[in-house]
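A short write-up of the structure that comes next.
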Amino acid sequence: MMAFLWIPFFIALHFSTTVESSSCAVNGFPIVRNISEIPQDNYGRQGLSHITVAGSALHGFKEIEVWLQTFAPGARTPIHRHSCEEIFVVLKGSGTLYLASNSHKNYPGSPQEFPIFKNSTFFVPVNDAHQVWNTDEHEDLQVLVVISRPPVKV
Ligand SMILES: *[C@@H]1O[C@H](CO)[C@@H](O)[C@H](O)[C@H]1NC(C)=O
Ligand SMILES: *[C@@H]1O[C@H](CO)[C@@H](O)[C@H](O)[C@H]1NC(C)=O
């Protein structure tokens with residue numbers, strides 16, 4: 001009696017797993033990876049370490065990208081904007097977010113300054129010009145960045 005009940009259950013389970021993995025998983029990409037073994041790059045910016053934890057071009061993710069970025073004291077991103085949602089989690093250190101809101105188009109030269117600190121989180125509204133700057137003189141600033149809708153157009 002129990003066996004008859006279990007067989008459809010397993011078929012249903014197997015079927016749903018197959019459907020899920022074919023629509024969501026990225027083929028051939030390991031499920032668990034050691035971040036210490038993922039290559040880093042500084043894209044020519046001194047004091048920056050960028051790790052694409054998960055990306056569209058590198059790994060085939062379609063909805064989100066995740067980066068781990070470390071800024072040495074004084075290091076910063078260029079001022080840039082992009083048409084995607086972007087959320088930061090500060091893992092280490094502190095610094096300043098400069099944000100020129102779209103709603104202040106007449107004053108692009110005077111961005112708002114937001115102090116960012118360890119265990120803080122912040123987001124950048126879509127298309128707002130921004131810059132992340134490690135304004136601390138001694139400690140590295142490390143952030144985990146989640147970005148929607150890759151590829152990111154800067
Ligand atoms: C992750 O990689 C680093 C650097 O290769 C290594 O030292 C560490 O042991 C690895 N961690 C695990 C759990 O394998
Ligand atoms: C960040 O804050 C949460 C909630 O208070 C806490 O559980 C966590 O330990 C904090 N993490 C760090 C790295 O301070």
**Prompt:** Near residue 124, within a Cβ-to-Cβ distance under 13 Å, what is the net charge of the other residues, with Lys and Arg +1 and Asp and Glu -1?
**Reply:** -2
**Request:** Please say if region 46-118 is rounded, prolate or oblate, where rounded means a/c under 1.5 for a ≥ b ≥ c the square roots of the C-alpha gyration tensor eigenvalues, and otherwise the choice is prolate for a/b larger than b/c and oblate otherwise?
**Result:** oblate
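Write out the GluC sites (Glu not before Pro) in region 57-145 meeting two conditions: DSSP loop, and at most 16 other Cβ atoms within 10 Å of their Cβ. Let's see the in-between values first.
On the way: sites: 63, 65, 85, 86, 113, 137, 139; in loops: 63, 85, 137, 139.
Counting only loop positions with at most 16 other Cβ atoms within 10 Å, the GluC sites (Glu not before Pro) in region 57-145 are 63, 85, 137, 139.
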**Asked** Going by the alpha-carbon gyration tensor, a ≥ b ≥ c the square roots of its eigenvalues, is region 34-87 rounded (a/c under 1.5) or, if a/c is not under 1.5, prolate (a/b greater than b/c) versus oblate?
**Response** oblate
**Request:** Would you mind classifying region 26-148 by shape? Square roots of the alpha carbon gyration tensor eigenvalues, ordered a ≥ b ≥ c; an a/c under 1.5 is rounded, otherwise it is prolate if a/b is larger than b/c and oblate if not.
**Result:** oblate
**Calculated FRET efficiency for the pair residue 83/residue 121, C-beta based, R₀ 30 Å, to 0.05** = 0.90
**Prompt:** Quick one: 128, 41, fewest Cβ neighbours within 10 Å first, how do they rank?
**Reply:** 41, 128
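What does the charge count around residue 95 come to, taking other residues whose C-beta lies under 14 Å from its C-beta (Lys +1, Arg +1, Asp -1, Glu -1)? Spell out each step's value before the answer.
Working: positive: 76, 92, 118; negative: 113, 136, 137, 139, 140.
Local net charge: -2.
Could you list 58, 141 in order of exposure, starting from the residue whose Cβ has the fewest other Cβ atoms within 10 Å? Before the final figure, lay out the partial values.
Details: 58 15, 141 27.
The fewest-first ordering by Cβ neighbours comes to 58, 141.
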**Complete:** If each K or R counts +1 and each D or E counts -1, the residues other than residue 135 whose Cβ falls under 15 Å of its Cβ total -2
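FYI, it's all coordinate maths here, none of it is from the lab. All figures in this text were calculated on a predicted structure; none of them were measured in a lab. Glycine gets a Cβ as well: all are built from the backbone with ideal geometry, and neighbour counts include every protein chain shown.
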